[in-house]
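Below you'll find the structure, written out as structure tokens, and then a few comments.
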Amino acid sequence: MLKKTTKLLLTSALIAGLSTAAVAKEKVYKWKLATTWGSTLTPFIDAPQNMAKMVEEMSDGQLLIRVDASNKHKAALGILDMVKGGQYDMGHSASYYWKGKDINTMPFSTMPFGMTTPEQYAWFYHGGGMELMKKVYKKHKVLSFPGGSTGNQMGGWFRKEINTTEDLKGLKMRIPGFAGEVMAKLGLTVTNIAPGELYTSLERGTLDALEWVGPGMDIKMGFNKIAPYYYTGWHEPGLDLQYLVNERKFKKLPKDLQQILITAMRVSAYDMYIQNYHMSAEAWAKIEKDFPNIKIKTFPKEVMDAMKKANAELKAEKTKNNPLLKEILDSQDAYQKKAREWTKMSDYLYLKDNL
């Protein structure tokens with residue numbers, strides 16, 4: 001009788017265990033993701049959309065992510081707050097947009113005269129960057145992951161030619177992040193405007209200049225119709241976008257879905273980088289023929305020297321009483337110094353000898 005009872009109990013337990021496992025496996029997690037970007041802003045909007053598609057396919061439909069563009073949620077620069085507050089489970093934006101809330105978030109996008117995209121991604125994944133980013137975002141109760149790089153960005157569109165530092169003074173310019181503080185130190189009035197409002201602001205004279213990304217994205221926006229002077233870059237040598245994930249919601253996912261999400265974010269980030277590179281290569285190949293009014297310029301040495309001086313002074317000032325920011329910037333500077341020697345050897349000398 002005892003053996004029979006034991007057998008029945010074991011059988012019941014087995015059935016219950018299998019049922020529980022089956023129910024767990026069948027559970028569908030439905031998430032929402034908010035972006036800073038409008039629904040047509042390729043390739044920025046493509047990154048989260050492609051990520052969501054990969055997650056759905058790899059999870060066999062267990063994790064579904066709805067991507068809401070900024071024209072739906074109407075809070076392009078409110079992504080951190082919405083993910084932190086739980087209105088959205090995820091976000092796709094850029095870390096330097098939160099410098100007003102927490103200056104320590106800023107370097108995880110890019111820094112003036114800083115690392116290129118390959119250098120910065122190497123720092124993220126092999127040089128301690130991910131650990132530092134986790135430390136910064138922990139207090140916000142969100143996780144941050146690299147979300148796609150633009151590569152080296154152009155220095156911006158200006159209504160007038162810049163020949164001296166005096167030409168910069170008094171200009172109203174859209175330029176975010178640490179570069180915005182550098183420009184403010186040189187006498188510009190700096191603002192950060194959501195992507196969907198850039199052209200209108202330039203057209204109406206609210207802005208005298210702006211920087212956006214590079215030819216692949218910029219020319220489609222029509223900035224050259226108003227501000228034909230197009231300057232080469234210095235301020236965002238490897239801008240990285242970011243995925244934000246609500247930490248509490250992430251921990252509730254089964255381990256396999258967590259890994260699927262992490263993998264999809266990483267793959268979609270790389271895909272966005274090469275897609276943007278292709279777009280800019282295509283646009284640059286026909287810029288002279290199709291857009292003869294665009295005047296390609298490089299900032300004069302006097303201006304570049306002033307930017308570098310202001311950048312160094314600001315870094316010293318900002319880190320003086322902020323040990324965490326100092327730790328991040330010191331880590332980036334040290335890695336850049338090391339990696340740049342290989343960048344020069346592998347890329348610079350190759351280009352120098354073959355152009």
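The values are calculated or read from the model by the stated rules, or taken from the named source; none is laboratory data. Remember, predicted model here, so these are calculated numbers, not experimental data. Virtual Cβ from ideal backbone geometry, glycine too; neighbours counted across all protein chains shown.
Against the conditions (1) part of a helix (DSSP H, G or I); (2) farther than 19 Å from Gly148 by Cβ; (3) within 22 Å of the chain's Cα centre (by Cα); (4) in contact (Cβ under 8 Å) with a residue 40 or more places away in the chain, Asn276 satisfies every one except (2). It is to be established whether one or more residues within region 169-189 are under 20 Å from Gly233 (Cβ atoms), among the polar types (S, T, N, Q) and modelled with pLDDT of 95 or more. No.
Provide a single number: the residues in region 198-217 that are touching a residue at least 40 places away in the same chain (Cβ under 8 Å) and among the aromatic types (Phe, Trp, Tyr).
Here the count works out to 1.
Take the residues in region 195-209 that are in contact with a Leu (Cβ under 6 Å, 6 or more places away or on another chain) and outside any helix (DSSP H, G or I), then tell me which one is surrounded by the most Cβ atoms within 10 Å (Cβ to Cβ). Per the stated criteria, the residue is Ala209. Residue-level check: of (1) closer than 30 Å to Ile226 by Cβ; (2) part of a helix (DSSP H, G or I), Gln336 misses just (1). Of everything in region 1-48, what is at pLDDT 50 or above, surrounded by fewer than 19 Cβ atoms within 10 Å (Cβ to Cβ) and assigned to a helix (DSSP H, G or I)? Give them in sequence order. Those that are at pLDDT 50 or above, surrounded by fewer than 19 Cβ atoms within 10 Å (Cβ to Cβ) and assigned to a helix (DSSP H, G or I): Ala24, Lys25, Glu26, Asp46. Contact map, region 279-301: first residue in a helix (DSSP H, G or I), second residue of a type in the set (A, V, I, L, M), Cβ cut-off under 7 Å, separation 6 or more or different chains; pairs are Met279/Met217; Ala283/Ile219; Ile287/Ile294. In this structure, Val303 qualifies as farther than 30 Å from Thr35 by Cα, β-branched (Val, Ile, Thr) and out of contact with any Phe, Trp or Tyr (no Cβ under 8 Å at 6 or more places or on another chain).
For region 235-256, the criterion of a residue being in a helix (DSSP H, G or I) and either of a type in the set (S, T, N, Q) or closer than 14 Å to Phe158 by Cα (or both) is satisfied by no position. Is it the case, given these coordinates, that Val83 is of a type in the set (A, V, I, L, M, F, W, C), surrounded by 21 or more Cβ atoms within 10 Å (Cβ to Cβ) and in contact with a helix residue (DSSP H, G or I) (Cβ under 6 Å, 6 or more places away or on another chain)? No, not satisfied. Can you find, within region 168-182, the residue that is surrounded by the fewest Cβ atoms within 10 Å (Cβ to Cβ) among those that are without any contact (Cβ under 8 Å) to a residue 60 or more places away in the chain and within 16 Å of Gly100 (Cβ to Cβ)? The selected residue is Gly180.
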